[in-house]
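Worksheet for the structure shown next.
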Amino acid sequence: MSDAILVLNAGSSTIKFGLFDVTASGPQLLCKGLLDEHDAEPRLTIKDTDGQLLFDKHQPKHGDETGLLDDILTWVDGYLASDELLAIGHRIVHGGQDFVAPVVIDDEVIEALHALTPLAPLHQPRSLSPIRPIMMLRPELPQIACFDTAFHHDLAPLARRFAIPRRFDEMGIRRYGFHGLSYQFIAGRLAELSLASKRTVVAHLGSGSSLCAMRDGASIDTTMGLTALDGLMMATRCGAIDPGVLLYLQQVHGISADELEQMLYNESGLLGVSGLSADMRVLVVSEEPDAIEAVDMFVDRVAKEIAAMATSLGGIECLVFTGGIGEHSHQIRERIAARLRWLGVEIDRAANEAGLQDIAAKRSKVEVMILPTSEETSIARDCLAALALRWQEIQPPATI
């Protein structure tokens, strides 16, 4: 072991983290942890790469998150012993127009990222929340922001622009796209598999879901837009919706902007349609008519949008499933593939049910794969790139 990078991925009531060893071949995962704050006494669990438990403790509440983060950092110090923690990387959902590469965080950066909260009200405050406490605990330790929007930054105007007056595009109201750290990792896997040049649609399906049309490691099109509400139906988010619906609810039913935000982010999607659960694992085995309809809608929307992404690419040669649902629900993969048979997508049922990497049937005209993603690995790589750039900037010029 040598130097290390700690990656934090903060959710609504959890903080997932990974500790990475810095090696000559890139960051290698040492262990991963979860700080679950759902209960009165938050639980901190840490496991090695084989799933063996390294640490498991109910942590007493410290009044705020600072104490809980200190618990993580103290454990990391003990685990690393004499080795050095180089930096902490954070997944930041929205980077807006200005943040298109990983950046070392300072007060100015924090202010700029907080200003983007209206564009990601469910995610942005939470992803920023650990940063200032860590500044207090470890002021000397660099913290690096890595952005979910950065992968899609170079979308062409046809994919990026909304059909509204141009002055709004100039104000930054455009399609940003999300899940970029996941797509960045998958792009790397496709390159390793010599598939990067293929016209590929990547389906990141989970609690939040989106698609990315990808070729040569670049994003060509994506389903999410200015915010993480757009595109596919999700666990509790509606996905694409006629904007007239929102105007009608405001103008006729008097629903406020705050009430709409709550409904669209937290009460819609699978949960809203099923009235039962936001968890696809519950819904796929349910015999309740509303649950069946929710699953049918999800499959229908994903299949339609894959076809749209294929249009953006001028065809489809490879379909990749990733994310919690994409990696683990053979039922959903099978049903989506069945809707896309006309595009040449056919899967091998046995391979699909076994969760193999290659699940295409021999007669399929499209390669179909399951590729587990790792946002944390992308963040660790971004951190090393940002640290290298910072090191170059602070070095004095060479003398001759």
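For LEU181, indicate whether it is more than 30 Å from LEU260 (Cα to Cα) and buried (at least 16 other Cβ atoms within 10 Å of the Cβ). No, not satisfied. The set of residues in the stretch 92-119 that are in contact with a Phe, Trp or Tyr (Cβ under 6 Å, 6 or more places away or on another chain) and either exposed (fewer than 12 other Cβ atoms within 10 Å of the Cβ) or not hydrophobic (A, V, I, L, M, F, W, C) (or both) contains only GLY95. Among the residues making up the stretch 133-170, those that are open to solvent by 60 Å² or more (accessible area, probe 1.4 Å) and touching a helix residue (DSSP H, G or I) at 6+ places or on another chain (Cβ under 7 Å) are MET136, ARG161. Candidates in the stretch 263-277 are the residues that are in contact with an Asp or Glu (Cβ under 8 Å, 6 or more places away or on another chain) and in a loop (DSSP other than H, G, I, E, B); of these, the one that is most open to solvent (accessible area, probe 1.4 Å) is LEU276.
Yes or no: the stretch 125-132 includes at least one residue that is over 23 Å from the mean Cα position of the chain (by Cα) and either open to solvent by less than 20 Å² (accessible area, probe 1.4 Å) or closer than 17 Å to ALA87 by Cα (or both). For the stretch 125-132, residues over 23 Å from the mean Cα position of the chain (by Cα) and either open to solvent by less than 20 Å² (accessible area, probe 1.4 Å) or closer than 17 Å to ALA87 by Cα (or both): absent. Where strands (runs of 3 or more DSSP E) sit wholly within the stretch 8-100, those with at least 1 residues that are at pLDDT 90 or above and within 17 Å of SER378 (Cβ to Cβ) occupy 14-23, 26-36, 85-92. In this structure, is MET214 modelled with pLDDT of 95 or more, touching a Lys or Arg at 6+ places or on another chain (Cβ under 9 Å) and more than 23 Å from LEU8 (Cβ to Cβ)? Criteria met by MET214.
There is at least one residue in the stretch 381-395 that is modelled with pLDDT under 95, within 30 Å of LEU86 (Cβ to Cβ) and among the β-branched types (Val, Ile, Thr).
The values are calculated or read from the model by the stated rules, or taken from the named source; none is laboratory data. None of the values given here were measured: they were computed from a predicted structure. Neighbour counts run over all protein chains shown; Cβ positions are idealised from the backbone, glycine included. The accessibility values were calculated without ligands, DNA or RNA, using every heavy atom of the protein model including side chains. Shrake-Rupley method; radii C 1.70, N 1.55, O 1.52, S 1.80 Å.
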